[in-house]
Amino acid sequence: MCYVYIVRCADQTLYTGWTNDLARRVAAHNSGHGAKYTRSRRPVELVYAEVCQDKRSALRREWQIKRLRTEQKRLLIGSGKITG
């Protein structure tokens, strides 16, 4: 099982990614071992996640979310969907 997630960084920007272990990935971001983008924007907070069937569908969904405008991402986050 894979997840697509959005974290809110300390500077209030949003970062979207995918993982097969949500808790471990958020911890990696917060320890400075996650994505280069989040290293200087710690701490991060998980604000959205959704389950995907496999890596391929997670990558596809990540790409879709990354193409959204910030306000559309905020609406998605507002749906309150955090799974895992």
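Figures for the structure shown
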quantity: By average C-beta atoms within 10 angstrom, highest first, the peptides 64-70, 39-45, 24-30; calculated: 24-30, 39-45, 64-70
quantity: Residue-averaged [θ]222 nm for the chain, counting only DSSP H segments that reach four residues, each worth -39500 (n - 2.57); calculated: -11500 deg cm²/dmol
quantity: Whole-percent carbon and sulfur share, accessible surface of the stretch 3-69, 1.4 Å; calculated: 47 percent
quantity: Amide H partners (placed H, <5 Å) of GLY34, local residues excluded; calculated: HIS29
quantity: For VAL47, residues with placed amide H under 5 Å, excluding near neighbours; calculated: ILE6, VAL7, ARG8
quantity: Karplus-derived HN-Hα couplings along the stretch 22-35 (A = 6.51, B = -1.76, C = 1.60, θ = phi - 60°), whole Hz, x at Gly and Pro; calculated: 4, 4, 5, 5, 5, 4, 5, 4, 6, 8, x, 9, x, 5
quantity: Relative contact order computed over the chain (Cα-Cα under 8 Å; 6+ residues apart), in percent; calculated: 35 percent
quantity: Spacing of the two label points (7 Å from each Cα toward its C-beta) at ASN20 and ARG39, in nm; calculated: 2.5 nm
quantity: Probe 1.4 Å, protein heavy atoms only - accessible area per residue of the chain in square angstrom; calculated: 62 Å²
quantity: Ellipsoid semi-axes in whole angstrom, largest first, where each is sqrt(5λ) of the Cα gyration tensor of the chain; calculated: 18, 16, 11
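The values are calculated or read from the model by the stated rules, or taken from the named source; none is laboratory data. Just so you know, these numbers come straight off a predicted model, no measurement behind them. Here Cβ is always computed from backbone atoms with ideal geometry, including for glycine, and neighbour counts include all displayed protein chains. What goes into the accessible areas is simple: the full protein's heavy atoms, side chains included, and nothing from ligands, DNA or RNA. Shrake-Rupley method; radii C 1.70, N 1.55, O 1.52, S 1.80 Å.
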